[in-house]
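Before I ask anything, here is the structure I am working with.
The values are calculated or read from the model by the stated rules, or taken from the named source; none is laboratory data. Keep in mind that what you see is a predicted model, and the values were worked out from it rather than measured. Note: ideal-geometry Cβ built from the backbone for every residue, glycine included; neighbour counts use all protein chains shown. Heads up: the accessible areas ignore ligands, DNA and RNA and are worked out on the full protein's heavy atoms, side chains in. Shrake-Rupley method; radii C 1.70, N 1.55, O 1.52, S 1.80 Å.
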Amino acid sequence: ITIPTGVTILVASLIITEGQSVTIQAAGTGLLVFQTPIGHATISVAGGGAHRIAAPIRLDDHLDIIAPVQSGNLTFGNGISQNLVTPWNITMGGGGIVRFNSAVANTFAGSFTVLAGELRLSNTGGAAAVSNLLVIGNNSGDAEEARVRILSNNNLADTVDVTVLSDGALSLII
């Protein structure tokens, strides 16, 4: 799926149920914006495969990423920014794998919380994957139920505060 240049797509809930791999990309200035009038915007992966969102993303609301264990994986291949008013948060759950693999930094100013599953940070060229607050776990799951693996240099901005709770784990694999 390609978002044409000059086109902004507003999404409250994106559900990928395809068993084959799905890629959402943008041409030129195409943009994917997560926004909802109530609650949180969501990305949910329910099908197998290696899914990739390579389009730039802007948060106009909090975003929940749900990737169940059997769902394959989801990779973000471009930066995530936010509107200029409110720092929006991202929460990840479901037990599956989510990966940031981009040469563009994520600049949203809210927190990134991993409740379950594995977040793999492999941005390149010094582009920070997390720029503010990273919380791993919520003190209510099994040991290492929430995991973050740093797979390349400079994926946490110098100003990031990291909190690892009892059911969380942080690994540096460079």
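Output the qualifying pairs, or none if there are none: Cβ atoms under 6 angstrom, residues six or more apart or on different chains, first residue in region 68-83 and within 14 Å of GLU118 (Cα to Cα) and modelled with pLDDT of 95 or more, second residue open to solvent by 20 Å² or more (accessible area, probe 1.4 Å) and not in a helix (DSSP H, G or I).
Correct list of pairs: THR75/ARG52; THR75/ARG99; THR75/ASN101.
Where the second residue is open to solvent by less than 10 Å² (accessible area, probe 1.4 Å) and not in a loop (DSSP other than H, G, I, E, B) and the first is in contact (Cβ under 8 Å) with a residue 40 or more places away in the chain and aliphatic (A, V, I, L, M) and lies in region 109-130, which pairs have Cβ atoms under 8 Å and are six or more apart or on separate chains?
VAL114/MET92; VAL114/LEU134; VAL114/ILE136; VAL114/ALA146; VAL114/VAL148
Being hydroxyl-bearing (Ser, Thr, Tyr), surrounded by fewer than 19 Cβ atoms within 10 Å (Cβ to Cβ) and either assigned to a strand (DSSP E or B) or in contact with an Asp or Glu (Cβ under 6 Å, 6 or more places away or on another chain) (or both) narrows it down to one residue among THR29, THR36, THR5; which is it?
Details: THR29 fails: either assigned to a strand (DSSP E or B) or in contact with an Asp or Glu (Cβ under 6 Å, 6 or more places away or on another chain) (or both); THR5 fails: either assigned to a strand (DSSP E or B) or in contact with an Asp or Glu (Cβ under 6 Å, 6 or more places away or on another chain) (or both).
Selected residue: THR36, the only one of THR29, THR36, THR5 that is hydroxyl-bearing (Ser, Thr, Tyr), surrounded by fewer than 19 Cβ atoms within 10 Å (Cβ to Cβ) and either assigned to a strand (DSSP E or B) or in contact with an Asp or Glu (Cβ under 6 Å, 6 or more places away or on another chain) (or both).
If a residue has to be modelled with pLDDT of 95 or more and assigned to a loop (DSSP other than H, G, I, E, B) to count, how many in region 158-174 make the cut?
Number of matching residues: 4.
Just checking, does region 91-101 include any residue being of a type in the set (D, E, K, R), open to solvent by less than 40 Å² (accessible area, probe 1.4 Å), under 20 Å from ALA50 (Cβ atoms) and in contact with a Lys or Arg (Cβ under 9 Å, 6 or more places away or on another chain)? Don't jump to the end; show me each part of the working.
First pass over region 91-101, keeping only residues of a type in the set (D, E, K, R): 99.
From the residues that got through so far, the ones that are open to solvent by less than 40 Å² (accessible area, probe 1.4 Å) too are none.
Scanning region 91-101 turns up no residue that is of a type in the set (D, E, K, R), open to solvent by less than 40 Å² (accessible area, probe 1.4 Å), under 20 Å from ALA50 (Cβ atoms) and in contact with a Lys or Arg (Cβ under 9 Å, 6 or more places away or on another chain).
Let me ask something additional. What do you reckon, is HIS51 buried (at least 19 other Cβ atoms within 10 Å of the Cβ) and in contact with a helix residue (DSSP H, G or I) (Cβ under 9 Å, 6 or more places away or on another chain)?
Details: buried (at least 19 other Cβ atoms within 10 Å of the Cβ): yes; in contact with a helix residue (DSSP H, G or I) (Cβ under 9 Å, 6 or more places away or on another chain): yes.
So HIS51 fits the description; yes.
For (1) out of contact with any Phe, Trp or Tyr (no Cβ under 8 Å at 6 or more places or on another chain); (2) assigned to a loop (DSSP other than H, G, I, E, B); (3) within 17 Å of SER152 (Cα to Cα), each residue gets a yes or a no:
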site	(1), (2), (3)
TRP88	no, yes, no
VAL98	no, no, yes
ASN106	no, yes, yes
GLU118	yes, no, yes
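All but one of (1) within 13 Å of the chain's Cα centre (by Cα); (2) more than 22 Å from HIS51 (Cα to Cα) hold for VAL114; which doesn't?
Evaluating VAL114 over (1) within 13 Å of the chain's Cα centre (by Cα); (2) more than 22 Å from HIS51 (Cα to Cα) leaves (2) as the failure.
ASN123 is checked against (1) open to solvent by less than 70 Å² (accessible area, probe 1.4 Å); (2) assigned to a loop (DSSP other than H, G, I, E, B); (3) more than 20 Å from ALA50 (Cβ to Cβ) and fails just one. What number does that condition carry?
Status for ASN123: all satisfied but (3).
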